[in-house]
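Before any comments, here is the structure.
The values are calculated or read from the model by the stated rules, or taken from the named source; none is laboratory data. Since the model is a prediction, treat every value here as computed from it, not as a measurement. Positions of Cβ are backbone-derived with ideal geometry, glycine not excepted, and every protein chain shown enters the neighbour counts.
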Amino acid sequence: MIGKLNHVAIAVPELNAAVTRYRDVLGARVSQPQALAEHGVTVVFVELDNTKVELLEPLGEGSPIASFLEKNPAGGMHHICYEVDDIKQARDRLQAGGARVLGDGEPKIGAHGKPVLFLHPKDFCGTLVELEQV
Ligand code: CO
């Protein structure tokens, strides 16, 4: 059911420091920061040949990554995103298999303008999983 790895998202307390690390130490191609107010994050895309890494910094009040950073002040892997062809079909199959979908279970438009869902980390080995319909 799941397709390619779309991205790995890393929550960071200081986006500029993270960009410097990735660009200057790892030698990665990084995008300009993009403020996504409706998602409560500022994101930088680290472009790799086979996938991308997203560096997320909290933006505004009630950012969805704020509590994660309280527990992980140095930053850490926040979620992993897999591609699916049909997100509602994937959701139904996952729920039938006992996996919990976060929120009301309806896909939302994610940071890339495509439908996404998040799956409960306790159902996936302690990792928050995002599904994105591509
Ligand atoms: Co994501």
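Just need a number here: residues in the stretch 90-134 that are touching a residue at least 60 places away in the same chain (Cβ under 8 Å) and farther than 23 Å from V41 by Cβ. So the count comes out to 2. The residues of the stretch 49-77 that are in a strand (DSSP E or B) and under 12 Å from the mean Cα position of the chain (by Cα), listed by number, are K52, V53, E54, L55, L56, E57, G76, M77.
Checked against (1) surrounded by fewer than 17 Cβ atoms within 10 Å (Cβ to Cβ); (2) at pLDDT 95 or above, V44 passes all but condition (1).
So that you can scan it fast, the table gives a plain yes or no per residue for (1) touching a Leu at 6+ places or on another chain (Cβ under 7 Å); (2) surrounded by 15 or more Cβ atoms within 10 Å (Cβ to Cβ); (3) at pLDDT 95 or above:
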residue	(1), (2), (3)
G62	no, no, no
G76	no, no, yes
H79	yes, yes, yes
D85	no, no, yes
R93	no, no, yes
F118	yes, yes, yes
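So in the stretch 1-17, with the set limited to residues that are outside any strand (DSSP E or B) and within 16 Å of the ligand (Cβ to nearest atom), which one is nearest to I65 (Cα to Cα)? Of everything passing the filter in the stretch 1-17, V12 is nearest to I65 (Cα to Cα). When I80 is tested against (1) under 16 Å from V53 (Cβ atoms); (2) of a type outside the set (G, A, S); (3) part of a loop (DSSP other than H, G, I, E, B), exactly one condition is not met: (3).
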